[in-house]
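No lab work stands behind these numbers, since they all come straight from the coordinates. As the structure is a computational prediction, the values presented were derived from the model and not from experiment. Counting neighbours? That spans all protein chains shown, and the Cβs are built from the backbone with ideal geometry, glycine included.
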Amino acid sequence: MKHGFKVDALDAPALGLTIEEIRSYVKENPPKTIGISIPFTPLAKTGIETVKALKKSFPKIPVICGGVHPTCVPEELLDYADFVCIGEGEITLKEFLERYLKGEDCRSIKGMAYKKNGKMVINEQRELVDLDSLPPPLWDIVAVDKYKEYLPTGEKAMPIILSRGCPFSCNFCANWFLSRRTVRYRKMEDVIQQIKHYIKKYKVKAFDFHDENFTLNRERVLEFCDELIKEKLRIHWWAQTRANLLDPEILRKMKEAGCVGISIGVESGDEEVLRKIHKGVTLEEMKRAVKMIKEAKLISCADFMIGHPWDTPETVLATIRFADELDVDFLGYALAQPYPKTELRKTAEEQGAILTNDWSKYITSNVTYIPPGLKGYDLKVIRKIAVINFYSRSIKRLYNMYKFDTIKFLLWSKDLLFSYLRIKVTSKKYPENLDNAKMTGE
């Protein structure tokens, strides 16, 4: 497009296409090269099967893979693909296409991995991309409606970023490897223009910012809010950040500029667990952040995780109690997943506690790892106990769950009602133990 290449994008996951449908499409629209993105580990199994099928049917067409999973474990893809793009792919893919279409050797390109005589070769690391050199995403060639997200207000929102990267070292995240603990920011003028373009072209007035830590650079956030106010865009938007990166002034300004709510990663209600996962935020800072969010009249969301390597029934119960104490508008509980290139995976391997290497199972509602302190417990049941305990504490929370997570509310309605009545009758706010989550035979 921008560089003169004709691009045809087949958004297979969004369109729900089978591998055979993908193969048929390629046969009917033969390309000069095929690029396959595997952005998330749970898509890796299907991605690899797709590569195998396409190489079998079209052995002369080179296949290059990229995305988070291929970057973390390129050896898995190179058993079938011709090349793997390591890290950010915008410049690497451009150079690959330029060389390949000229008939030149592609094996010396920075950020590229390939096999030579059966052994994997990973070239010199490419510099991180200058975000201001990139054009805005070309949504027209994908199923754009599939990517619109819903804010808690019910509005359809477009994803967008102010920055890329994260400087922190949480043990469950591979961002340290992907972004090299470096944060880059987009030119403010480009962000504002992109928002205006989306409003005009896609008729949206809501945006979901995917920055890892939206308020990391305080002055830039204040500048962004001032620009939104000056331009009178009157959009609604959502962001996520760390609890220790908030203050009353920035929250007031975000509210004035159209922010409707904020997610913070809490992860655990146990200080020792937080220290061991390198969260770098204390429970007191979490409480202070939620208090400020509420005072700014913003929607508050907290994300927790069950199954940390040092979790025990006691630390999980502490987390359940702390979630109730925070009293956010809504929350999420994920089960810890030992993703590639995370410290969590290294620890889980040392513990011998990984249950499966089937990447398709690595979604946050599945159990792929049980830490030693929770051996004999069903983590899915623990997660359900934690969610139900929080939302059944009041009518307001039950309504919030119905509004924000209707499907789960309907599926668990009987348990929610029973828990609500139990709390009312017995005045017991929390479960005393996790015995109900013990697996039979343990």
Q) Under a 5 Å amide H to amide H cut-off, with H placed in plane at 1.01 Å, what residues pair with CYS259 once short-range neighbours are removed? A) TRP237
Q. Which ³J(HN,Hα) values, rounded to whole Hz and listed in residue order, are derived for region 205-221 from phi using the Karplus coefficients 6.51, -1.76 and 1.60 in 6.51 cos²θ - 1.76 cosθ + 1.60 with θ = phi - 60°, glycine and proline given as x?
A. 10, 9, 9, 10, 7, 9, 4, 4, 9, 4, 9, 4, 9, 4, 5, 5, 5
Q. Distance in nm between label sites at ARG184 and ASN123, each 7 Å beyond Cα in the beta-carbon direction?
A. 1.7
Q) Relative to the present Cα-Cα distance, how much length would full extension add between LYS230 and LYS428 at 0.36 nm per residue of separation? A) 66.2 nm
(Q) For the chain, what does the helix formula give at 222 nm: sum of -39500 (n - 2.57) over DSSP H segments with n ≥ 4, over the residue count, nearest 500 deg cm²/dmol? (A) -11500 deg cm²/dmol
Q.
Connecting C-alpha atoms closer than 10 Å in a GNM of the chain, tell me which of ILE407, ILE363, ILE250 has the biggest fluctuation.
A. ILE407
Q: Pull up all non-local amide H partners of ALA206: gap of 5 or more, or a different chain, and H-to-H distance under 5 Å with H placed in the peptide plane.
A: MET158, HIS236
Q. In sequence order, what are the phi-derived ³J(HN,Hα) couplings for region 358-373 according to the Karplus relation 6.51 cos²θ - 1.76 cosθ + 1.60 with θ = phi - 60°, rounded to whole Hz, with x for glycine and proline?
A. 7, 4, 5, 7, 7, 10, 6, 9, 9, 9, 10, 7, 10, x, x, x
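So which chymotrypsin sites (Phe, Trp or Tyr not before Pro) in region 3-87 are both in a DSSP loop and have at most 13 other Cβ atoms within 10 Å of their Cβ?
Numbers: sites: PHE5, TYR25, PHE40, TYR80, PHE83; in loops: PHE5, PHE40, TYR80.
Within region 3-87, the qualifying chymotrypsin sites (Phe, Trp or Tyr not before Pro) (loop, at most 13 other Cβ atoms within 10 Å) are PHE5.
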Q.
Report, in listed order, any pair from LYS148/LYS187; LYS6/LYS102; LYS341/LYS380; LYS255/LYS408; LYS375/LYS438; LYS60/LYS115 with a Cα-Cα distance greater than 18 Å.
A. LYS148/LYS187; LYS341/LYS380; LYS255/LYS408
Q) Using θ = phi - 60° and the Karplus curve 6.51 cos²θ - 1.76 cosθ + 1.60, what whole-Hz ³J(HN,Hα) does each residue of region 384-398 get, with Gly and Pro shown as x? A) 5, 4, 5, 5, 5, 4, 5, 6, 8, 6, 7, 4, 4, 5, 4
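Out of all DSSP beta bridges in the chain, what portion is antiparallel? Express it as a percent rounded to 5. Before the final figure, lay out the partial values.
Values: 12 of 41 bridges.
Percentage antiparallel, nearest 5: 30.
Can you put ARG126, ARG181 in order of Cβ neighbours within 10 angstrom, beginning with the fewest?
Numbers: ARG126 19, ARG181 13.
Taking fewest neighbouring Cβ atoms as first place, the list is ARG181, ARG126.
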Q. Where is the GNM fluctuation largest for the chain (alpha-carbon springs, 10 angstrom cutoff): THR18, THR282, THR92?
A. THR18
Q | Amide H contacts of ALA334 (H built 1.01 Å from N, under 5 Å, at least 5 apart or other chain) | A | PHE304, MET305, ILE306
